[in-house]
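**Student:** I'd like to ask some things about the structure below.
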Amino acid sequence: HRVRLRLLGSALRGFRRFSSLPEHEILTMPALSPTMEVGTIAKWQVAEGDFIESGTHMADVETDKATVDFQAVEEGYLAKIIAAEGTADIKIGEPVAVMVEEKESIAAFADYVFTGSTDPSAEQELPAASTPEPAADPTPAVSTPAPSAPTSSSGARIFASPLARSMAAEMGIDIAAIGKGSGPGGRIVKSDVLAFTPSTATATAEVETKAVPAAMPVTPSGASQDVTLSNMRKTIAQRLTVAKQEVPHYYLSVSCNVDALMKARKELNSRLEKKGAKLSVNDFIIKASALAMSKVPEVNSAWMDTFIRQYDYVDVCVAVATPGGLITPIVPDAEKIGLTAISNKVKELATKAKDGKLQPHEYQGGTFTISNLGLFGVSGFSAIINPPQAAILAVGGTDSKIVQSGVDEEGNPTYKASTMMTVTLSCDHRVVDGAVGAQWLQAFKAYIEDPMSMLL
């Protein structure tokens with residue numbers, strides 16, 4: 001999702017250096033979203049030596065939710081790109097580039113590599129050839145090189161991107177054996193790790209010292225592909241893992257008779273046909289959910305660690321599948337707007353989500369979430385809560401079933417075929433007690449089975 005965001009000077013500018021190098025600015029990775037922890041330089045739109053004006057689109061930064069235009073705030077010359085294209089997992093505050101005011105100062109940064117120190121005297125043009133001072137250790141333990149700054153056998157510091165270090169560790173490669181990388185200032189990047197072929201002696205030593213799990217075959221049985229994780233996918237994985245591990249879920253399911261809803265939908269769509277509008281079953285579900293919140297407001301709440309926040313408005317998140325992963329755009333004030341307005345809003349948001357054009361305010365926040373897999377033939381499922389929200393509704397598909405419709409004159413039950421829909425409410429037990437969750441489902445079912453009551 002691409003978002004154009006002009007960065008504030010305090011977020012973009014790093015700290016000014018006064019060392020043996022000319023006066024310059026270190027540009028650091030800013031926080032581009034409330035949930036962002038790391039970013040990826042997807043593409044640099046400028047080159048070293050270019051004059052940068054205020055507002056210039058310098059780079060595309062992939063965050064946890066969107067791809068943001070990294071724009072300059074002040075003018076100057078781009079002297080050095082520290083974080084090359086494709087550099088992933090750059091933490092907020094880590095350096096990405098160097099800016100200078102004078103064009104003549106650019107040449108001084110040709111071999112510049114950021115040392116990672118906040119001491120101006122620590123900056124050097126060729127840090128790869130220097131040996132850093134070892135930190136004093138009060139205990140006589142054997143020192144272990146820090147993951148972010150490994151050293152070679154000769155003591156020279158090895159510069160590598162976080163992704164390269166991680167990949168090398170997973171592949172059992174000694175990153176010091178790779179030597180000089182292809183990144184700026186000889187920095188080892190992902191492509192260097194992938195292209196590295198260990199020597200026979202190194203490979204033999206690794207086989208001898210590294211135990212291979214018995215359950216893992218040495219030779220793969222077939223072809224496979226490793227898909228690089230996007231920041232969005234990493235965020236989804238992290239948030240859902242935390243939600244499942246830390247939020248005490250419980251689940252309540254109910255079957256709803258949607259005969260009346262289907263009839264009302266057909267009649268309303270016939271009236272809307274001339275306007276080119278069409279209501280979906282999901283539009284009714286969103287409206288029924290929002291109205292049920294008015295009757296049972298305890299569900300329209302959030303767990304805030306030290307207190308529970310109960311909302312006076314209902315912003316319904318609707319789960320939308322995109323090529324990059326699941327995202328939940330928001331239908332704001334769903335309890336106050338009509339079915340046609342809900343339908344138009346959902347269509348607009350779904351199109352934006354799939355085209356990657358959602359704005360941050362359109363997917364950040366929300367008080368309740370709906371996930372509908374009915375179109376995929378799923379009869380029912382249980383969804384994972386989206387913290388800090390207290391509940392999520394999982395909607396299955398409709399199915400024709402024989403259900404009791406009443407009794408005859410002699411008191412015997414009568415039956416008929418009806419269209420039924422199963423929904424499952426996942427609740428956070430810290431916020432919503434079982435009885436409260438059941439009351440909400442009762443209110444929701446009443447609206448679904450009597451859709452005309454939504455209009456009252």
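The values are calculated or read from the model by the stated rules, or taken from the named source; none is laboratory data. Here the structure is a predicted model, which is why all the values come from computation and not from measurement. Because the Cβ atoms are built from the backbone with ideal geometry, glycine has one as well, and the counts that use them run over all protein chains shown. Heavy atoms of the whole protein, side chains included, go into the accessibility calculation; ligands, DNA and RNA do not. Shrake-Rupley method; radii C 1.70, N 1.55, O 1.52, S 1.80 Å.
**Student:** Cβ-Cβ distance below 7 Å, separation of 6 or more or different chains: which pairs start in the range 226-241 with a residue that is within 16 Å of Leu163 (Cβ to Cβ) and end on one that is surrounded by 15 or more Cβ atoms within 10 Å (Cβ to Cβ) and among the hydroxyl-bearing types (Ser, Thr, Tyr)?
**Tutor:** Here the result reads Asn231/Thr40; Asn231/Thr63, each pair linking the range 226-241 to a residue that is surrounded by 15 or more Cβ atoms within 10 Å (Cβ to Cβ) and among the hydroxyl-bearing types (Ser, Thr, Tyr).
**Student:** Then there's this: Out of the residues in the range 54-65 that are of a type outside the set (A, V, I, L, M, F, W, C) and out of contact with any Gly (no Cβ under 9 Å at 6 or more places or on another chain), which is surrounded by the most Cβ atoms within 10 Å (Cβ to Cβ)? I'd like the intermediate steps shown before the answer.
**Tutor:** First, the residues of the range 54-65 that are of a type outside the set (A, V, I, L, M, F, W, C): 54-57, 60, 62-65.
Now narrow it down to the ones that are out of contact with any Gly (no Cβ under 9 Å at 6 or more places or on another chain): 54-57, 60, 65.
Numbers: Ser54: 12, Gly55: 11, Thr56: 17, His57: 13, Asp60: 17, Lys65: 23.
By that ranking, first place goes to Lys65.
**Student:** Quick one: which residue in Ser230, Ser182 is in contact with a helix residue (DSSP H, G or I) (Cβ under 7 Å, 6 or more places away or on another chain), closer than 20 Å to Glu85 by Cβ and either open to solvent by 50 Å² or more (accessible area, probe 1.4 Å) or at pLDDT 80 or above (or both)? Let's see the steps before the verdict.
**Tutor:** Working: Ser230 fails: in contact with a helix residue (DSSP H, G or I) (Cβ under 7 Å, 6 or more places away or on another chain).
Unique residue meeting the criteria: Ser182.
**Student:** In the range 446-454, is there at least one residue being over 35 Å from the mean Cα position of the chain (by Cα) and among the charged types (D, E, K, R)? It would help to see each step written out before you state the result.
**Tutor:** Here is the first cut: in the range 446-454, the ones over 35 Å from the mean Cα position of the chain (by Cα) are 446, 449-453.
Restricting the remaining residues to those that are among the charged types (D, E, K, R) gives 449-450.
Taking every residue of the range 446-454 in turn, at least one turns out to be over 35 Å from the mean Cα position of the chain (by Cα) and among the charged types (D, E, K, R).
**Student:** Okay, next question. For the range 342-353, indicate whether the set of residues that are hydroxyl-bearing (Ser, Thr, Tyr) and farther than 22 Å from Ser230 by Cβ is non-empty.
**Tutor:** First pass over the range 342-353, keeping only residues hydroxyl-bearing (Ser, Thr, Tyr): 343, 351.
Remaining after also requiring farther than 22 Å from Ser230 by Cβ: 343.
Yes - at least one qualifying residue is present in the range 342-353.
**Student:** To continue, here is another question. Does Glu449 satisfy the criteria of being of a type outside the set (Val, Ile, Thr) and in contact (Cβ under 8 Å) with a residue 60 or more places away in the chain? Steps first, answer last, please.
**Tutor:** Numbers: of a type outside the set (Val, Ile, Thr): yes; in contact (Cβ under 8 Å) with a residue 60 or more places away in the chain: yes.
Against the criterion (of a type outside the set (Val, Ile, Thr) and in contact (Cβ under 8 Å) with a residue 60 or more places away in the chain), Glu449 qualifies.
**Student:** State all residues of the range 1-51 that are at pLDDT 55 or above, assigned to a loop (DSSP other than H, G, I, E, B) and over 18 Å from the mean Cα position of the chain (by Cα); if no residue qualifies, say none. Can you show your working first?
**Tutor:** Going through the range 1-51, the residues at pLDDT 55 or above turn out to be 19-51.
Then drop every residue that is not assigned to a loop (DSSP other than H, G, I, E, B), which leaves 19-23, 29-37, 45-50.
Result: Ser19, Ser20, Leu21, Pro22, Glu23, Gln45, Val46, Ala47, Glu48, Gly49, Asp50.
**Student:** Among the residues of the range 339-359, is there at least one that is within 27 Å of His429 (Cβ to Cβ) and either among the aromatic types (Phe, Trp, Tyr) or out of contact with any Asp or Glu (no Cβ under 9 Å at 6 or more places or on another chain) (or both)? First the steps, then the outcome.
**Tutor:** Looking only at the range 339-359, we keep the residues that are within 27 Å of His429 (Cβ to Cβ), and these are none.
The answer is no, given that none of the residues of the range 339-359 is within 27 Å of His429 (Cβ to Cβ) and either among the aromatic types (Phe, Trp, Tyr) or out of contact with any Asp or Glu (no Cβ under 9 Å at 6 or more places or on another chain) (or both).
**Student:** State whether one or more residues within the range 380-402 are among the hydroxyl-bearing types (Ser, Thr, Tyr), modelled with pLDDT of 90 or more, farther than 13 Å from Ser289 by Cβ and not in a strand (DSSP E or B). Walk me through how you get there before you give the answer.
**Tutor:** Of the range 380-402, the ones among the hydroxyl-bearing types (Ser, Thr, Tyr) are 382, 398, 400.
So of that shortlist, the ones also modelled with pLDDT of 90 or more come out as 382, 398, 400.
Still in the list and also farther than 13 Å from Ser289 by Cβ: 382, 398, 400.
Okay, now just the ones that are also not in a strand (DSSP E or B), so 382.
Yes, the range 380-402 has at least one match.
**Student:** Just one of (1) in a loop (DSSP other than H, G, I, E, B); (2) modelled with pLDDT under 95; (3) open to solvent by less than 30 Å² (accessible area, probe 1.4 Å); (4) under 30 Å from Ala435 (Cβ atoms) trips up Ala243, so point out which.
**Tutor:** So Ala243 meets the others, but not (1).
**Student:** Which is crowded, with 18+ Cβ neighbours inside 10 Å, modelled with pLDDT under 80, touching a Gly at 6+ places or on another chain (Cβ under 9 Å) and not acidic (Asp, Glu), of Val68, Val96, Val113?
**Tutor:** Values: Val96 fails: modelled with pLDDT under 80; Val113 fails: modelled with pLDDT under 80.
Testing whether each residue is crowded, with 18+ Cβ neighbours inside 10 Å, modelled with pLDDT under 80, touching a Gly at 6+ places or on another chain (Cβ under 9 Å) and not acidic (Asp, Glu) leaves just Val68.
**Student:** Answer yes or no: is there a residue in the range 349-366 that is β-branched (Val, Ile, Thr) and in contact with a Leu (Cβ under 9 Å, 6 or more places away or on another chain).
**Tutor:** First, pick out the residues of the range 349-366 that are β-branched (Val, Ile, Thr): 351.
Add one more test, that the residue is in contact with a Leu (Cβ under 9 Å, 6 or more places away or on another chain), and what stays is none.
The answer is no; no qualifying residue exists.
**Student:** Right, next: Output the residues belonging to the range 280-310 that are over 30 Å from the mean Cα position of the chain (by Cα) and of a type outside the set (Ser, Thr, Tyr). Break it down stepwise before answering.
**Tutor:** Within the range 280-310, the subset over 30 Å from the mean Cα position of the chain (by Cα) is 294-296.
Lys295, Val296, listed by residue number.
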